[in-house]
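The values are calculated or read from the model by the stated rules, or taken from the named source; none is laboratory data. As the structure is a prediction and not an experimental result, all values here were calculated from the model. Neighbour counts run over all protein chains shown; Cβ positions are idealised from the backbone, glycine included. What goes into the accessible areas is simple: the full protein's heavy atoms, side chains included, and nothing from ligands, DNA or RNA. Shrake-Rupley method; radii C 1.70, N 1.55, O 1.52, S 1.80 Å.
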Amino acid sequence: MAGLKSLAKDTAIYGLSSIVGRFLNYLLVPIYAAAMSAASGGYGVVTEVYAWTALLMVILTYGMETTFFRFVNKETENSERVYSTVLFMVGSTSLVFAALCMLFLHPVAGMMGYDDHPWYIGMMALVIAMDAFQCIPFAYLRYKKRPIRFAALKLLFILLNITLNLVYYVVMKGSDVFYAFFFNLICTSVIMVLMVPCLKFNGGFDKPLAKRMLIYSYPILILGVAGILNQVADKIIFRHIYPDKVEAKTQLAIYGACSKIAMIMAMLTQAFRYAYEPFVFGKSRDKDSKIIYAQAMKYFIIFTLLAFLAVMFYLDVLKYILAPDYWIGLRVVPIVMAAEIFMGIFFNLSFWYKLIDETKWGAYFSFAGCIVLILINVIFVPLYSYMACAWAGFAGYAVAMLLSYFVGQKKYPIHYDLKAIGKYVALALVLFGISEYLPFQNIFLLLSVRTVLLMLFVAYIIKVDFPLHQIPVINRFIKK
């Protein structure tokens with residue numbers, strides 16, 4: 001339990017930068033939605049460009065975050081040499097990427113369909129290069145267990161970005177998409193400067209070490225590319241497969257904006273990941289490691305189900321972060337949230353092949369899910385628009401998750417408490433089903449009944465897994 005408490009503590013602090021940070025970042029959604037109408041397709045441009053950004057970020061980091069944690073925790077490796085070697089590697093590739101993008105900016109922008117606005121692509125190319133490099137010192141802060149500094153830098157970026165966007169889009173009543181990317185470039189540059197004290201090259205560049213790390217990381221790169229394609233492929237290809245090219249930007253804007261409401265699940269997963277990745281590798285030599293991994297999976301699913309119910313029960317309030325012309329797309333929210341839960345479970349499952357150094361399996365699973373996702377998009381987007389995108393993500397993650405579980409039970413068996421997890425899933429589905437068919441028209445009565453349903457789920461959690469008498473403070477109070 002001491003290990004789990006440490007994990008929970010670090011998750012909470014990293015969650016400050018992830019959950020609170022992304023919540024603040026949500027402010028950009030209503031800002032952009034108000035400044036750029038759905039019909040203008042402006043938010044569709046933002047959605048597509050950031051989808052490319054996410055994909056390129058995975059390529060430019062090429063699995064070096066996970067590789068860093070794996071090698072820096074090996075007793076046979078010098079931690080400072082590992083860190084400096086990774087810095088040299090990722091820094092060099094990021095610099096080359098930025099230089100090539102600037103050199104061939106107009107041809108690249110033309111191929112992406114932005115020949116009228118090449119600097120949309122130019123600015124984001126610079127942001128991607130800096131962000132990819134910054135991933136390594138951020139990983140170093142996690143390794144050194146300095147979550148406060150980690151969170152402070154992450155939050156500074158978000159607060160500065162929110163402020164600049166508020167000034168332009170709200171105070172100055174602007175509507176130009178250009179500034180969404182320009183402000184990102186400014187904020188990323190500020191963090192780059194503040195990150196300089198974390199850069200330590202004194203360990204030098206170890207060529208044999210670099211080769212070993214590349215051998216370990218290339219399957220993770222393939223896994224990462226397949227994984228991120230599961231998240232962004234629909235947004236990248238949407239304009240190219242939707243029949244009406246003009247209407248495509250509007251449809252993509254609606255889908256992108258409504259999907260943001262579902263991203264609370266991604267926030268929880270990201271916060272958990274920041275703490276869980278170094279935790280898993282650090283615990284890998286402990287005798288009870290598999291028991292802890294199983295417990296962590298169970299609690300992860302419990303709290304993501306709680307988040308799912310909370311968002312769905314209060315969606316009638318949350319929808320007001322968007323302008324009314326976006327509300328038509330809210331039906332994607334439960335589907336996207338369920339897909340995010342599958343992705344989080346897949347991430348938890350993924351450590352078995354990382355711990356036995358067979359990362360190729362992750363690539364197999366992710367590509368299988370990616371193929372399912374792309375096929376569903378290509379076949380059904382022309383017929384059902386963005387609803388096909390939502391269901392494609394659901395199906396793709398489900399396939400990857402199930403493959404990882406069944407193969408993992410043969411290669412690195414972990415006894416997950418499937419019976420208890422199944423009860424939580426069944427209860428959440430029943431409560432969600434009831435909430436969807438409540439006959440109340442009065443919004444206050446509807447929300448009140450849904451709150452009671454949410455409290456029933458919380459009460460079940462407390463009764464089964466967190467009995468109040470086991471909590472030290474309450475236990476002392478009861479004894480008095």
Cα→Cβ-extended label distance, 7 Å offset, between LEU159 and VAL96, nm: 3.9 nm
Note to self: with every protein chain in place and a 1.4 Å probe, the chain gives an accessible area per residue in Å² of 45 Å²
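On a 1.4 Å probe surface of the protein chains, which of TYR397, TYR143 comes out largest in accessible area, and what is the full order? All intermediate terms of the calculation are to be shown ahead of the outcome.
Details: TYR397 10, TYR143 60 Å².
I get TYR143, TYR397, largest accessible area first.
Which FRET efficiency value, to the nearest 0.05, is calculated for ARG212 and VAL458 with the Förster distance at 56 angstrom and r the Cβ-Cβ distance? Intermediate results must be reported in sequence, preceding the final value.
Working: r = 48 Å, r/R0 = 0.85.
The value I calculate is 0.75.
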Output the peptides 95-105, 363-373 sorted from most to least packed, where packing is the average of other Cβ atoms within 10 Å over each peptide's residues. 363-373, 95-105
What full-extension length gain, to one decimal in nm, is calculated for LEU315 and LYS410 as 0.36 nm per residue of separation minus the Cα-Cα distance? 30.1 nm
In Hz, Karplus ³J(HN,Hα) per residue of the stretch 249-257 (6.51, -1.76, 1.60; θ = phi - 60°; x = Gly, Pro): 5, 5, 4, 5, 4, 5, 5, x, 5
For an R0 of 41 angstrom, estimate the FRET efficiency from the Cβ-Cβ distance between TRP327 and MET192 and round to the nearest 0.05. 0.60
For the ranges 54-64, 326-336, what's the packing order if you count other beta-carbon atoms within 10 Å of each residue, average per peptide, and put the highest first? 54-64, 326-336
If each part is reduced to its alpha-carbon centroid, the stretch 82-110 and the stretch 46-78 end up apart, in Å, by 14 Å
What is the magnitude of the charge dipole of the stretch 276-416 about its Cα centre, with +1 placed on the Cβ of each Lys and Arg, -1 on the Cβ of each Asp and Glu, and no other charges, expressed in debye to the nearest 20? 440 debye
Need one number: nm distance between label points at ALA426 and MET172, each 7 Å from Cα along Cα→Cβ, rounded to one decimal. 5.8 nm
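Which value in deg cm²/dmol, rounded to the nearest 500, describes the helix-derived mean residue ellipticity at 222 nm for the chain, given -39,500 (n - 2.57) per DSSP H run of n ≥ 4 and division by the residue count?
On the way: 22 runs with 373 residues, N = 480.
Rounded to the nearest 500, it is -26000 deg cm²/dmol.
In whole percent, and with a 1.4 Å probe on the protein chains, what portion of the accessible area of the chain is carbon and sulfur? Each step should come with its number before you reach the end.
Values: 15080 of 21640 Å².
The nonpolar share, carbon plus sulfur, comes to 70 percent.
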Expected vector for the stretch 421-426, Karplus 3J(HN,Hα) from phi with 6.51, -1.76, 1.60 and θ = phi - 60°, integer Hz, x for Gly and Pro, equals 4, x, 5, 5, 4, 4
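If each residue of separation counts as 0.36 nm, what is the full-extension length gain between ALA34 and LEU383 once their alpha-carbon separation is subtracted? Please list the in-between numbers first.
Working: separation 349, 0.36 × 349 = 125.64 nm, distance 2.86 nm.
Length gained between ALA34 and LEU383: 122.8 nm.
Out of all Cα-Cα pairs in the stretch 324-416, roughly what percent, to the nearest whole number, are more than 23 Å apart?
On the way: 1374 of 4278 pairs.
It works out to 32 percent of all Cα pairs.
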